[in-house]
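Q: Have a look at this one before I ask anything.
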Amino acid sequence: MALDLGPLDGHVGYLLRRAQLAVFADIGAVLAAHAMSPADYAVLTVIDRNPGAGPSQVAETLGIQKTNFVPLIRRMEARGLVLRTPSARDRRSVDLTLTEEGKTFLATLHAMAQAHVDRVRDHLGPAEYEALLAPLQRLARLTRPA
């Protein structure tokens with residue numbers, strides 16, 4: 001028997017969190033087969049699309065705390081996916097790029113992520129899926145840096 005959620009069922013934040021848990025469970029299971037998390041996938045994607053970005057930029061863009069980001073990057077570097085090089089702009093910082101192995105691996109992850117997107121789209125229906133994207137993108141920009 002389902003419990004009565006009271007006003008929670010009408011709270012956007014509550015529903016977004018429940019939806020996020022459901023969506024992350026689906027993609028998390030797929031990525032876990034490659035010892036990756038949704039956050040790992042997001043980091044690789046942002047580095048790929050912004051080669052030479054600094055760790056602080058990537059972490060801030062994705063809303064990952066620096067204390068969590070540093071070990072994440074170290075794991076990816078140890079796996080041969082990410083390369084940290086001294087920044088040409090500021091020798092005290094580093095630039096992040098994907099290695100060739102990282103690019104190949106990310107292509108595999110993109111295919112897996114697309115299959116996940118297809119499952120979510122099928123669950124909602126194409127029209128509802130597309131209608132949901134713009135409001136979610138606006139909500140995500142509430143705290144994301146410009």
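The values are calculated or read from the model by the stated rules, or taken from the named source; none is laboratory data. These numbers were taken from a predicted model, which means no experiment stands behind them. Here Cβ is always computed from backbone atoms with ideal geometry, including for glycine, and neighbour counts include all displayed protein chains.
Q: What number of residues within segment 121-138 satisfy the criterion of being over 16 Å from the mean Cα position of the chain (by Cα) and surrounded by 10 or more Cβ atoms within 10 Å (Cβ to Cβ)?
A: 11
Q: Another one. Any chance you could count how many residues in segment 53-74 are loosely packed, with under 14 Cβ neighbours inside 10 Å and either in contact with a strand residue (DSSP E or B) (Cβ under 7 Å, 6 or more places away or on another chain) or farther than 13 Å from residue 96 by Cα (or both)?
A: 6
Q: Return the residues of segment 89-108 that are at pLDDT below 90 and in contact with a helix residue (DSSP H, G or I) (Cβ under 9 Å, 6 or more places away or on another chain); say none if nothing qualifies.
A: Listed by number, the list holds a single entry, 93.
Q: Quick one: residue 84 ticks every box in (1) in contact with a strand residue (DSSP E or B) (Cβ under 6 Å, 6 or more places away or on another chain); (2) assigned to a helix (DSSP H, G or I); (3) not aliphatic (A, V, I, L, M) bar one, so which box is it?
A: (2)
Q: Still on this model: Of all residues being assigned to a helix (DSSP H, G or I), of a type in the set (D, E, K, R) and without any contact (Cβ under 8 Å) to a residue 60 or more places away in the chain in segment 1-58, which is farthest from residue 117 (Cα to Cα)? Just the residue, please.
A: Going through the qualifying residues, I end up with 9.
Q: Next question, about the same structure. Taking residue 77, is it under 22 Å from residue 28 (Cα atoms) and touching a Lys or Arg at 6+ places or on another chain (Cβ under 7 Å)?
A: yes
Q: Now, a different point. Looking at (1) among the basic types (Lys, Arg); (2) in contact (Cβ under 8 Å) with a residue 24 or more places away in the chain; (3) closer than 19 Å to residue 28 by Cα, which one does residue 103 not meet, given that it meets all the others?
A: Every listed condition holds for residue 103 apart from (3).
Q: Condition first: in a helix (DSSP H, G or I), of a type in the set (A, V, I, L, M, F, W, C) and surrounded by 14 or more Cβ atoms within 10 Å (Cβ to Cβ). Can you find one or more residues in segment 87-108 that meet it?
A: yes
Q: Being touching a helix residue (DSSP H, G or I) at 6+ places or on another chain (Cβ under 8 Å) and part of a helix (DSSP H, G or I) narrows it down to one of 111, 127, 115, so name that one.
A: 115
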